[in-house]
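Only the coordinates and a few stated rules stand behind these numbers; no lab work does. Keep in mind that what you see is a predicted model, and the values were worked out from it rather than measured. Note that we place each Cβ from the backbone using ideal geometry, even for glycine, and neighbour counts take in every protein chain shown.
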Amino acid sequence: FVTGATGFIGRHLVARLLRRGGTVFVLVRRGSLGKLEALRAEWGEAAARVVAVEGDLGAPGLGVGAADLARLRGRVDHLFHLGAVYDLAASSADLEAANVGGTREVLGFAGQVGAGCLHLVSSIAAAGLYDGVF
């Protein structure tokens, strides 16, 4: 299961997961379904194994419906959380809702579906406006 599958890193991760076989479930906002369809062309025949799960990082339970939750329960070996708002010009409230709140929702979702392993992928944006050296 992948959040952020239509983003730069996510699309490459999905391609690599598809090479391993199996089904890849991806969380996708309704407004990003077109992006997902365009990516299917890049992924070729293996894209038939990508299953879109409509939802939103900012929504309780990721906005995933009861039927999808039931379908996913016990079927998620790995949950890759890449979804985030990376625009540092976005408001603090929007960044916190998507990035902090979204991660909180992913943790709850992982428990609901019984995910075997959660992989959190973040970026330098996790540092916020920190001026120092890491």
Amide H neighbours of Leu118 at under 5 Å, excluding residues fewer than 5 places away on the same chain, with H built from the backbone geometry, are Leu79
In segment 1-85, which GluC sites (Glu not before Pro) are in a loop and have at most 11 other Cβ atoms within 10 Å, using DSSP for the loop call?
none
Do you know the relative contact order of segment 1-110, to the nearest whole percent, from alpha carbon pairs under 8 angstrom that are 6+ apart?
29 percent
State the extension gain, in nm to one decimal, for the chain segment bounded by Leu107 and Asp94, taking 0.36 nm per residue of separation less the distance between their alpha-carbons.
2.8 nm
Suppose R0 equals 25 Å. What FRET efficiency, 1/(1 + (r/R0)^6) with r the Cβ-Cβ distance, do Cys117 and Ala70 give to the nearest 0.05?
0.75
Rounded, prolate or oblate: which fits segment 1-122 when a ≥ b ≥ c are the square roots of the eigenvalues of the alpha-carbon gyration tensor, with rounded for a/c under 1.5 and prolate only if a/b beats b/c?
oblate
About the Cα centre of the chain, what is the dipole size in debye to 20, counting +1 per Lys and Arg Cβ and -1 per Asp and Glu Cβ, all else neutral?
580 debye
